[in-house]
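In what follows, a single structure is set out as structure tokens and then discussed.
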């Protein structure tokens, strides 16, 4: 689909995840049954149209995890895309790991913006209070320019003033991953300043993960439980079990998790005041081998979500930068900023990668 003949993004091409509506085409949502039971979109999602209006050309849609509820990128119905920077390994996929985990696994830049900053009209939801419109790029300049188009923000960003190293995240990943990212942290420190160790959680991050899971599960079932009950789709392994569990989440669990979420958001806002930036590993490991057994995939999820839930719970922007390697495979370093400081992260990413 051709973009406008004039605009700031003429010459760029892009693809969109198959959860974004494109007029005249059915949105597949990673599910043959969803594709079968839904009509072609009447309108193009505004965020897609924004890039087209800026002059970029849409070249197609990309695969997604089924109903976007997985972290692996391996779809039981459609297979998995090739990870060109880690052949034979998974690319990573959707859920709260969207953008950051696949960016780390594939060795590219990835941005999860401030929640609510970019419209999700015309986009299939999973958990609306967590869902965001993220983007990837290999080139830092393209990454920033596209981000500014999506965010509608061309103003210069303030410089970060403090660099905070998330010690409880380092404890989750272990010394091997932490060591692989040490030179990356040195590079960030050269731009931002001397790093300061902090403990983000007022309790173990695994507990924060549970709050995230209860809220996400309840929202996912609220969005799709009726369709699943009516259509009885052939959900793939992992996705099927997660939706079955989501149907059992109690109102008490949701209330308790929601209360804690707001407390966590306030805690993070205070910690990130004064233009501070948090640094942490994007993922607990490099990409797993394709077709890894379920137990290995479950372990990845259990170790990744404590890292990934921080920005999700507090609705914060987070960028993953391909600054590390381990065993010859990419490994991302993440930076988290206060709500609304998306362009601060984009400019910092350009400075680090340019």
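Once the Cβ-Cβ distance between residue 206 and residue 2 is put in as r, and R0 is 51 Å, what FRET efficiency do you end up with, to the nearest 0.05?
On the way: r = 48 Å, r/R0 = 0.94.
Calculated value: 0.60.
For the pair residue 42/residue 299, report the inter-label distance in nm, with labels modelled 7 Å from Cα in the Cβ direction.
In this crude label model, residue 42 to residue 299 measures out at 5.0 nm.
Please give the calculated 222 nm ellipticity per residue for the chain, where each DSSP H segment of at least 4 residues contributes -39500 (n - 2.57) and the sum is spread over every residue; nearest 500 deg cm²/dmol?
Numbers: 12 runs with 145 residues, N = 354.
Calculated from helices alone, the mean residue ellipticity at 222 nm is -12500 deg cm²/dmol.
Given Cα pairs under 8 Å that are at least 6 residues apart, what percent is the relative contact order of the range 137-209? Could you put the intermediate results ahead of the total?
Working: 43 pairs, mean separation 29.0, N = 73.
Computed over the range 137-209, the figure is 40 percent.
Give me 240, 17, 295 ranked fewest to most by other Cβ atoms within 10 Å of their Cβ, as a rough exposure proxy. Walk me through the intermediate numbers first.
Working: 240 16, 17 23, 295 7.
Neighbour counts put them in this order, fewest first: 295, 240, 17.
Using alpha carbon centroids, what distance separates the range 1-71 and the range 203-263, in Å?
26 Å
Relative contact order for the chain: what percent, with Cα pairs under 8 Å and sequence separation of 6 or more?
On the way: 728 pairs, mean separation 75.9, N = 354.
So the answer I get is 21 percent.
Mean-square fluctuation check for the chain, GNM, Cα pairs under 10 Å: which of 250, 31, 104 is largest?
Maximum among the listed residues: 250.
Residue 199 versus residue 25, label points 7 Å from Cα toward the beta carbon: distance in nm?
Going by the 7 Å Cα→Cβ label model, 4.9 nm.
Please order 329, 43 by the number of other Cβ within 10 Å, starting at the fewest.
Ascending Cβ contact count within 10 Å gives the list 43, 329.
For the range 1-144, what D do you get in µm² per second when you plug the Kirkwood radius from alpha-carbon pairs into Stokes-Einstein at 25 °C and 0.890 mPa s? Present the calculation step by step, with values, prior to reporting the outcome.
Working: Rh = 15.7 Å.
For the chosen part, D equals 156 µm²/s.
Where does each of 204-210, 218-224, 64-70 land if you order them by average Cβ count within 10 Å, highest first? Spell out each step's value before the answer.
Values: 204-210: 18.4, 218-224: 20.7, 64-70: 27.0.
Answer by packing, highest mean first, reads 64-70, 218-224, 204-210.
Using a Gaussian network model on the chain with a 10 Å cutoff between Cα atoms, which of 312, 236, 134 fluctuates the most?
236
Could you check which residue among 317, 91, 46 shows the biggest mean-square fluctuation in a GNM of the chain with a 10 Å Cα cutoff?
Greatest mean-square fluctuation among the candidates belongs to 46.
Stick to Cα atoms and the Kirkwood definition of Rh, then tell me Rg/Rh for the range 211-354. Kindly include the intermediate steps, with their values, before the conclusion.
On the way: Rg = 17.9 Å, Rh = 17.5 Å.
Answer for the range 211-354: 1.02.
Mind giving me the nanometre distance, one decimal, between the label points for residue 10 and residue 234, set 7 Å out from Cα along Cα→Cβ?
The two pseudo-label positions are separated by 4.8 nm.
Can you put 146, 170 in order of Cβ neighbours within 10 angstrom, beginning with the fewest? Display every interim value, and only then the final one.
Details: 146 23, 170 17.
Ranking 146, 170 by Cβ neighbours within 10 Å, fewest first, gives 170, 146.
Computed from the coordinates by the stated procedures, all read-outs in this text should not be read as laboratory data. All values derive from a computational prediction rather than experimental measurement. Ideal geometry is used to build each Cβ from the backbone, glycine not excepted, and the neighbour counts take in all protein chains shown.
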